[in-house]
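Written below as structure tokens is the structure these notes are about.
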Amino acid sequence: MILRNAVSLILTATSCLVIAACQAERTPESLFGPDAAGKLVLDGLLIVGRPLPPVYVTQTVAAVDRDSPRHAVVPDAVVEIRQGDRVFRYARDPDAGPFQYSPPPDPPEVVPGTKYVMVVTARGTTARTTTVTPGAFRVREGVVLDQRTESVQRRLKTFADLAEGVFLAPENRVVYKAGFLEARFDPIDVPGYQVGIVSLDRDAEEVAREISEDSPDRTGSSPAIESTEGRVRLPWFAIYYTGRHLMRIYAVDRNWYDYARSGAEAQESWFGGLAGENFRRPLFHVEGGIGLFGSASVDSIGFVIVEDP
């Protein structure tokens with residue numbers, strides 16, 4: 001099934017995240033590849049340095065079920081996230097949506113380099129999945145490269161330098177299609193990375209593109225990449241609007257990495273792809289169910305897109 005939280009995170013590459021753009025409903029079409037109806041579906045993403053987030057628990061339903069959203073609800077699950085000896089008991093939160101289970105009040109921040117276990121029990125069935133959070137991750141710098149020589153033309157100010165003031169810095173005004181915009185970081189011990197681009201100005205004008213699109217998205221993401229050299233270059237075709245943007249880079253765990261490579265609905269919105277990265281069904285790391293319980297460390301650079309007068 002399409003994982004509501006996972007796909008919104010992976011597609012915006014932002015925390016609810018990131019990592020916040022979570023839709024409230026799943027659809028009957030969101031069920032993909034189940035072995036049988038009634039299989040538990042776990043859906044949660046942890047972001048290092050942010051509080052334990054809500055998670056989403058559903059069950060698979062038959063493809064011919066005309067009332068599948070209602071039948072996908074699991075109202076009586078026992079949901080726990082465990083960190084060492086600590087156990088965080090989640091409670092169903094129907095006011096936030098029929099599938100959401102929320103953490104206890106004042107949830108702790110997610111810790112880097114730590115194992116978290118999600119355990120869900122419902123109707124005598126238990127599903128279990130584990131993530132080990134990545135270490136702390138920081139983007140070292142953003143640069144604009146000369147299009148011909150690929151030498152550094154300008155270094156962008158970072159959030160560490162100016163916080164939200166990066167959007168006012170002259171160095172962070174980037175002319176659309178002039179050179180290359182590249183983020184640089186020290187690689188950490190993770191399977192891979194994912195890049196998200198977010199347009200922040202709702203009233204921004206569209207940039208002049210060779211191929212126009214109706215109502216282009218303000219968010220998008222790359223495929224999962226290894227980036228062992230610690231450099232990620234933003235393709236211009238991922239930019240649709242002028243104005244303020246965030247380029248978010250996620251250092252992701254194995255669960256997130258495998259799902260991002262294999263989930264069909266995530267692949268449909270990639271702004272770059274790899275030949276052969278098509279899977280018959282997503283790669284799940286859930287015992288007794290399906291779904292995604294993953295984690296990531298994230299950092300970003302901010303810039304303003306302008307068009308050449």
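The values are calculated or read from the model by the stated rules, or taken from the named source; none is laboratory data. The shown structure was predicted, so the numbers you read here are calculated from the model rather than taken from an experiment. With ideal geometry, Cβ positions are generated from the backbone for all residues, glycine too; neighbour counts draw on all protein chains shown.
Of all residues in region 141-160, exactly one satisfies the criterion of being under 25 Å from the mean Cα position of the chain (by Cα) and surrounded by fewer than 15 Cβ atoms within 10 Å (Cβ to Cβ), namely A160. Filtering V166, V190 for residues that are modelled with pLDDT of 95 or more and more than 18 Å from L246 (Cβ to Cβ) leaves a single hit, V190. Scanning region 83-131 for residues that are out of contact with any Lys or Arg (no Cβ under 9 Å at 6 or more places or on another chain) and among the hydroxyl-bearing types (S, T, Y) yields Y90, T114, T121, T126, T129. Scanning region 292-304 for residues that are β-branched (V, I, T) and under 18 Å from the mean Cα position of the chain (by Cα) turns up V298, I301. Could you check, for region 173-182, whether at least one of its residues is more than 23 Å from Y240 (Cα to Cα), of a type in the set (G, A, S), over 25 Å from the mean Cα position of the chain (by Cα) and surrounded by 13 or more Cβ atoms within 10 Å (Cβ to Cβ)? For region 173-182, residues more than 23 Å from Y240 (Cα to Cα), of a type in the set (G, A, S), over 25 Å from the mean Cα position of the chain (by Cα) and surrounded by 13 or more Cβ atoms within 10 Å (Cβ to Cβ): absent.
Of all residues in region 183-194, exactly one satisfies the criterion of being surrounded by 21 or more Cβ atoms within 10 Å (Cβ to Cβ) and part of a loop (DSSP other than H, G, I, E, B), namely V190. Exactly one residue out of P53, P75 is part of a loop (DSSP other than H, G, I, E, B), touching a strand residue (DSSP E or B) at 6+ places or on another chain (Cβ under 7 Å) and modelled with pLDDT of 95 or more, and it is P53. Entry remark, region 87-131: residues being assigned to a strand (DSSP E or B) and touching a Pro at 6+ places or on another chain (Cβ under 8 Å) number 10 in total. Of the residues that sit in region 274-291 and are under 30 Å from V79 (Cα atoms), modelled with pLDDT under 95 and of a type in the set (A, V, I, L, M), which one is nearest to the chain's Cα centre (by Cα)? That would be L283.
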